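So the structure is just underneath, and the comments pick up after that.
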Amino acid sequence: MSHPEVLRDERTVATENASYRWAYLFLAFGLLASSAWRAFARDEAAWDLLALVITSGVVTATYQGARGVLTSRWLMVQIAAAGAAIAVAAAILLTR
């Protein structure tokens, strides 16, 4: 009696998910770096690239929130990050 071959197990799924995470991080930070380059070095508007970075984060957070995996610590970090972004934006606007 032969046992059927297992093509996908938990390790395979975990490895695939880890690779998707690395790919997402590479794309998100690549877009962020590209938009920073366009804004600072070439003095071009990069709202299209920034919108892609922000939208991908919103999609991820929405999916995780719907599945109930977000913690109160995550919420506090997001509030702090948003506050820091608002402070930096305000400082930039006031210096112009």
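Put a dot 7 Å past each Cα toward the Cβ at S34 and A82; how far apart are the dots in nm?
2.8 nm
Can you pull the one-decimal nm distance between simple spin-label points at D9 and A91, each 7 Å off the Cα toward Cβ?
5.2 nm
Show that you can apply the helix-only estimate: for the chain, add -39,500 (n - 2.57) for every DSSP H stretch of four or more residues, divide by all residues, and state [θ] at 222 nm to the nearest 500.
-27500 deg cm²/dmol
Kirkwood hydrodynamic radius (Cα pairs, Å) of the chain?
Final number for the Kirkwood radius of the chain is 16.7 Å.
Helix 47-66: angle to the longest alpha-carbon principal axis of the chain, degrees 0 to 90, nearest 10?
Here the helix axis deviates by roughly 50 degrees.
Please identify every one of the trypsin sites (Lys or Arg not before Pro) in region 10-51 that sits in a loop by DSSP and has no more than 16 other beta carbons within 10 Å of its own beta carbon.
R42
What are the GluC sites (Glu not before Pro) within region 4-55 that DSSP puts in a loop, where the Cβ has at most 12 other Cβ atoms within 10 Å?
Taking region 4-55 and a limit of 12 other Cβ atoms within 10 Å, the loop GluC sites (Glu not before Pro) found are E5, E44.
How big is the charge dipole of the chain about its Cα centre, in debye rounded to the nearest 20, if each Lys and Arg gets +1 on its Cβ and each Asp and Glu gets -1 on its Cβ?
I would put it at about 280 debye.
Each reported figure results from applying straightforward, stated rules to the coordinates on display, with no laboratory input. No experiment lies behind these values; they were computed from the predicted model shown. FYI the Cβ positions are ideal-geometry reconstructions off the backbone, even for glycines, and counts take in every protein chain you see.
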